[in-house]
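The values are calculated or read from the model by the stated rules, or taken from the named source; none is laboratory data. What you are looking at is a predicted structure, and each value in this text was computed from that prediction instead of being measured. Reconstructed Cβ throughout: ideal geometry from the backbone, glycine too, with neighbour counts over all protein chains shown.
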Amino acid sequence: MGAWNAVREWAGRFWDDLKTSTDASLLGVARFFGLLYGPIDSSLPIDQAWRRALKFRLPAHVSWRHAIGGVTYLLFLLLIVTGVLLSFYYRPSAEEAYQSVQYIVSGVTFGWLIRDLHVWGANLIVITALVHMARVFFDAAYKPPRETNWLAGLLLLFVVFAFGATGYLLPWDQWAYWAVTEGLDVLARVPLVGGASVEVLRGDPVVSGATLSRFFAWHVIILPWVAMSLLMLHFSLVRKHGVAPPIDGPAKGAGVPFFPNHLLRSFMVAVAVLTVTLTAAILMPRPFGDPATPSQVPGTLLSTWIVADVSRALTYYLGPSGLSAFIVFGLALALLPLFDRNPERRLRRRPVVSTLGALFFLGFALAWLAGRQLRSMPPQSGPVALPPPSSAEAPAPPARAPAPAAQPAPPRPDSGSQKRKAP
Amino acid sequence: MSRLLMIMLVALAVTARLDASAQVDSTNGCLACHTAQREGAVVGAHAEHGVRCIDCHGGNVRARTLPAAHQGRFVSGKDKVATYELCGSCHSDPNRMRQYGLRSGEPAEFKTSRHGQLLLVQHDPNAPTCTSCHSTHVIYPPEDARSNVYPTNIPGTCARCHADRQLMAKYKIPTTQFEQYRRSAHGIALYQGQNFASPTCVGCHGAHSALPPTVTEVASGCGRCHQLVRAAFAAGPHGAVASSARFPGCLGCHSNHGTERVTPDSIVVVCTKCHGADTRIRTMALQIQKTVVTADSDLVIAQRAVGQLALGGRRVSDYRFRYQSALSYYLEIAQVQHSLNLDELDDLGRRVHSISVELTSAAQASADIQGEHKLLLGPVWFLGLAAIALGWLMMRGLKEAGEDRER
């Protein structure tokens with residue numbers, strides 16, 4: 001116990017020193033570059049802003065669950081950093097994309113880690129964004145005057161999906177190629193806008209190098225700007241309206257300081273999430289499929305993105321209409337708060353909305369787990385089809401044998417070449 | 001009102017009828033009555049090249065009455081011999097067939113076939129004629145997937161008669177050929193692999209000159225495609241025996257329609273079927289079997305190793321190239337074993353094994369590198385837990401200091 005107190009005492013002293021020295025050194029660096037007490041500071045109140053930020057206070061009810069939004073932002077930053085590092089080596093052309101990803105994984109120092117952090121970051125950001133959304137939904141934090149911010153958050157979720165969907169193609173392997181082909185086929189069936197938007201996205205009658213260029217442009221140029229703009233709006237509105245008051249009444253007291261109290265909470269959650277991301281990236285690297293071959297449907301389609309898992313499970317168990325119904329349900333639920341003007345925020349007083357929300361989030365989680373179990377859905381399953389047997393009792397067999405079923409995936413090493421035969 | 005509607009409908013019907021007859025009258029008046037045959041007048045090879053009803057059946061295309069339409073050289077087409085002669089009247093003329101890139105020897109070949117002998121010599125009503133296989137009015141060229149004689153449709157076309165037990169009983173011909181074929185190596189290559197180089201019924205029996213091959217013809221027939229196997233077989237002890245018709249060649253170990261593969265682990269069983277318990281032959285068979293089985297498993301191991309390397313993101317083009325070499329040696333084993341040359345077999349087996357070991361080592365090295373990645377988990381978790389513990393301590397410190405309380 002004595003040792004424990006000694007460690008605590010040491011850590012406390014260390015923190016005090018760190019705080020003092022960090023504050024001092026940060027101010028020193030700022031002063032050195034003329035940001036403080038210099039020509040820039042004289043026109044921009046940076047020092048004042050810094051001090052205000054340090055003194056910023058949050059309502060007392062702000063707790064651990066309010067840190068999830070920050071963690072989502074942290075994962076977004078992680079994706080930007082790893083994405084920029086990947087773009088140093090990645091080549092967005094049909095000829096070079098696959099080989100460049102191979103090089104990143106096997107030739108670049110820690111390239112494998114950067115790549116898998118990007119893959120797992122893209123998965124976890126969906127979870128944290130949805131958990132953050134669920135928190136806001138069940139806290140009824142979307143109610144006026146914060147409904148605009150709910151909409152901004154919703155758009156950000158779509159941007160996250162768009163990031164994942166466009167990034168999915170970039171490895172340019174068979175799984176990426178055919179999952180995107182299927183996805184675009186589904187999108188083409190959306191009434192009115194489906195066909196045109198697929199033409200714009202695909203840039204070619206089939207998914208090709210043109211599609212890869214377009215997806216890359218969306219992934220690294222267009223969507224980051226859209227995301228940044230929406231994030232600015234999202235954060236500005238949070239600052240403007242403040243954190244939503246507690247469910248059972250207005251916020252009381254002067255609250256707690258953002259620094260260090262809430263930042264510390266966010267830091268701990270962020271460290272936990274980063275540790276989980278790193279662990280997943282190290283233990284479960286994304287495997288490589290065969291290079292994308294437009295003329296050959298793969299035997300299996302391995303899903304590597306949570307949204308693909310969910311849509312696969314919904315399609316597998318409920319069919320395309322089930323998937324559509326779930327999407328419409330989610331959209332309706334997302335837009336519901338815009339029309340839900342009732343100021344009542346307690347969960348028990350709004351049973352319908354709460355139940356529907358719980359159904360959606362639980363459904364998403366269940367579909368994800370089911371999709372992970374499915375792992376891979378063969379495009380054409382079932383035993384190898386042979387022409388119908390003939391017998392004297394049966395009617396004469398048709399003159400034309402039926403079209404044979406697609407061949408099962410050939411073994412990887414000799415795919416597309418000689419088939420192995422038993423001597 | 002209803003009367004007006006009726007008049008309009010009748011007028012419409014009459015106009016439509018007149019329109020249809022005007023269309024057919026100018027080219028092929030027969031179709032005004034023979035509506036079921038209209039498809040044949042517009043679809044298929046004959047329609048494409050302007051062959052009309054009267055070119056085969058005779059009659060008068062411009063006649064307006066039934067007797068007038070059927071007068072003159074009218075052929076009904078129900079007589080099988082007449083059908084053969086009718087088709088042959090054009091298809092045996094090289095000057096007419098040349099422009100379509102068609103041979104003109106089919107009618108003559110048909111005469112030499114078993115089918116032709118039955119029809120033309122014995123006048124057997126069950127014997128097939130041209131239209132039995134090629135259909136009657138809508139005749140597609142063999143390259144057209146709708147044709148009865150398109151490669152994947154040929155076995156089904158033959159099976160229409162040859163799978164009919166009642167019909168074949170008269171000729172004492174078995175009816176299991178189609179069933180065996182579609183499960184055979186050839187059938188699987190054709191139906192599943194869409195490999196049109198794979199022989200169908202006509203590949204071994206001939207098309208128009210269809211006859212079962214004789215015992216001495218079998219090795220030559222199979223050897224037309226399996227050339228290296230035939231050379232190895234001829235060089236070995238079995239080749240000499242087969243050429244004197246004392247051994248049924250390929251059929252000694254593989255069947256005709258089923259073309260069963262002799263699996264690596266069944267070589268000894270197949271050899272002992274003829275050679276019995278002869279110790280010398282059994283020892284040799286065991287040695288061959290061991291080489292083939294080992295090479296087979298080596299190849300599987302090599303294949304798995306390349307798969308692991310590919311999944312791990314390694315560049316595998318070189319490894320795939322090495323695997324292809326192993327596969328080539330393995331396929332060479334398949335040929336050489338027909339010559340029973342044990343030294344050559346042993347050499348090939350060792351080559352497959354060597355490549356397999358090489359690829360397995362590369363996969364192991366790659367797996368080792370991935371295993372080393374897991375060592376990072378130690379510092380990651382240490383730092384993560386330390387940071388969380390530090391944060392927790394600091395939070396406790398804040399609470400104790402009362403900074404967390406509402407002010």
Looking only at segment A:81-129, filter to residues that are away from chain B (no Cβ under 11 Å) and either in contact with a strand residue (DSSP E or B) (Cβ under 6 Å, 6 or more places away or on another chain) or among the acidic types (Asp, Glu) (or both); which one of those is surrounded by the fewest Cβ atoms within 10 Å (Cβ to Cβ)? A:Glu95
In segment A:321-372, how many residues are modelled with pLDDT of 85 or more and among the β-branched types (Val, Ile, Thr)? 3
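Every residue, every condition in (1) closer than 21 Å to B:Tyr171 by Cβ; (2) of a type in the set (Val, Ile, Thr); (3) out of contact with any Ser or Thr (no Cβ under 7 Å at 6 or more places or on another chain), yes or no:
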{"site": "B:Cys204", "(1), (2), (3)": "yes, no, yes"}
{"site": "B:Thr214", "(1), (2), (3)": "yes, yes, yes"}
{"site": "B:Gly223", "(1), (2), (3)": "no, no, yes"}
{"site": "B:Val229", "(1), (2), (3)": "no, yes, yes"}
{"site": "B:Gly239", "(1), (2), (3)": "no, no, yes"}
{"site": "B:Phe247", "(1), (2), (3)": "no, no, yes"}
{"site": "B:Cys250", "(1), (2), (3)": "no, no, yes"}
Yes or no: A:Ala67 at pLDDT below 95 and not in a loop (DSSP other than H, G, I, E, B)? yes
Of the residues in segment B:316-361, those that are among the aliphatic types (A, V, I, L, M) and crowded, with 19+ Cβ neighbours inside 10 Å come to B:Val316, B:Ala326, B:Leu327, B:Ile333, B:Ala334, B:Val336, B:Leu340, B:Leu345, B:Leu348, B:Val352, B:Ile355, B:Leu359
Flagged in segment B:95-113 as in a helix (DSSP H, G or I), of a type outside the set (A, V, I, L, M, F, W, C) and closer than 17 Å to B:Val51 by Cα, in numbering order, are B:Asn95, B:Arg96, B:Arg98, B:Gln99, B:Tyr100
Counting only residues in segment B:34-53 that are aliphatic (A, V, I, L, M), more than 15 Å from B:His134 (Cα to Cα) and out of contact with any Lys or Arg (no Cβ under 8 Å at 6 or more places or on another chain), the one surrounded by the most Cβ atoms within 10 Å (Cβ to Cβ) is identified as B:Val51
Among the residues of segment B:132-140, is any under 18 Å from B:Cys204 (Cβ atoms), surrounded by fewer than 18 Cβ atoms within 10 Å (Cβ to Cβ) and without any contact (Cβ under 8 Å) to a residue 60 or more places away in the chain? no
Which condition number does A:Phe258 fail, the rest of (1) more than 30 Å from B:Gln370 (Cα to Cα); (2) at the interface with chain B (Cβ under 9 Å from one of its Cβ atoms) being met? (2)
Pairs returned, first residue in segment B:261-274 that is facing chain A (nearest Cβ under 10 Å) and closer than 14 Å to B:Val292 by Cα, second residue that is loosely packed, with under 14 Cβ neighbours inside 10 Å and among the aliphatic types (A, V, I, L, M), beta-carbon separation under 9 angstrom, 6 or more apart or interchain, are B:Val262/B:Val269; B:Ile267/B:Leu286
Of the residues in segment B:368-382 that are at pLDDT 90 or above and at the interface with chain A (Cβ under 8 Å from one of its Cβ atoms), the one that is farthest from A:Val276 (Cα to Cα) is B:His373
Within segment B:279-291, does at least one residue satisfy the condition of being aliphatic (A, V, I, L, M), under 32 Å from the mean Cα position of the chain (by Cα) and at the interface with another protein chain (Cβ under 8 Å from one of its Cβ atoms)? no
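Listed here are the residues, each with its yes/no results for (1) in contact with a Lys or Arg (Cβ under 6 Å, 6 or more places away or on another chain); (2) touching a residue at least 40 places away in the same chain (Cβ under 8 Å); (3) within 30 Å of B:Val241 (Cβ to Cβ).
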| position | (1), (2), (3) |
| --- | --- |
| B:Gln324 | no, no, no |
| B:Ile333 | no, yes, yes |
| B:His353 | no, yes, no |
| B:Ile369 | no, no, no |
| B:His373 | no, no, no |
| B:Trp381 | no, no, no |
| B:Met395 | no, no, no |
| B:Leu398 | no, no, no |
Has segment A:89-108 got at least one residue that is under 30 Å from A:Phe339 (Cβ atoms), touching a residue at least 60 places away in the same chain (Cβ under 8 Å), part of a helix (DSSP H, G or I) and not basic (Lys, Arg)? no
Here the residues within segment B:275-296 that are farther than 12 Å from B:Val352 by Cα and either surrounded by 13 or more Cβ atoms within 10 Å (Cβ to Cβ) or in contact (Cβ under 8 Å) with a residue 40 or more places away in the chain (or both) are B:His275, B:Asp278, B:Ile281, B:Arg282, B:Met284, B:Ala285, B:Leu286, B:Gln287, B:Ile288, B:Gln289, B:Lys290
May I ask you to verify whether B:Ser220 is more than 14 Å from chain A (Cβ to nearest Cβ), in contact with an Asp or Glu (Cβ under 9 Å, 6 or more places away or on another chain) and more than 14 Å from B:Pro155 (Cα to Cα)? no
Determine which member of the set B:His238, B:His226 is away from chain A (no Cβ under 12 Å) and either surrounded by 18 or more Cβ atoms within 10 Å (Cβ to Cβ) or closer than 20 Å to B:Val336 by Cβ (or both). B:His238
For segment B:18-31, indicate whether the set of residues that are out of contact with any Leu (no Cβ under 9 Å at 6 or more places or on another chain) and modelled with pLDDT of 80 or more is non-empty. yes
Step by step: first the residues of segment B:331-361, then only those that are within 12 Å of chain A (Cβ to nearest Cβ) and in contact with a Pro (Cβ under 7 Å, 6 or more places away or on another chain), then the one that is farthest from A:Gln99 (Cα to Cα). Which residue is that? B:Gln337
Among the residues listed as B:Gly193, B:Gly156, B:Gly187, the single one being outside any helix (DSSP H, G or I) and within 8 Å of chain A (Cβ to nearest Cβ): B:Gly193
Which of the residues that make up segment B:135-149 are more than 10 Å from every other protein chain (Cβ to nearest Cβ) and within 25 Å of B:Met168 (Cα to Cα)? B:Thr136
Give me a count of the residues in segment A:288-311 that are over 30 Å from B:Phe382 (Cα atoms), more than 11 Å from chain B (Cβ to nearest Cβ), part of a loop (DSSP other than H, G, I, E, B) and not polar (S, T, N, Q). 6
Criterion (among the aromatic types (Phe, Trp, Tyr) and in contact with a Leu (Cβ under 9 Å, 6 or more places away or on another chain)) met by exactly one of A:Phe235, A:Phe158, A:Phe216: A:Phe216
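Residues checked against (1) farther than 21 Å from A:Ile221 by Cβ; (2) among the aliphatic types (A, V, I, L, M); (3) free of Cβ contacts under 8 Å to residues at least 60 places away in the same chain; (4) surrounded by fewer than 16 Cβ atoms within 10 Å (Cβ to Cβ):
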| position | (1), (2), (3), (4) |
| --- | --- |
| A:His132 | yes, no, no, no |
| A:Asp139 | yes, no, no, no |
| A:Leu156 | no, yes, no, no |
| A:Phe161 | no, no, no, yes |
| A:Asp185 | yes, no, yes, yes |
| A:Arg189 | yes, no, yes, yes |
| A:Leu192 | yes, yes, yes, yes |
Among the residues of segment B:297-315, is any touching a residue at least 60 places away in the same chain (Cβ under 8 Å), within 11 Å of chain A (Cβ to nearest Cβ) and either farther than 30 Å from A:Ser63 by Cα or surrounded by 13 or more Cβ atoms within 10 Å (Cβ to Cβ) (or both)? no
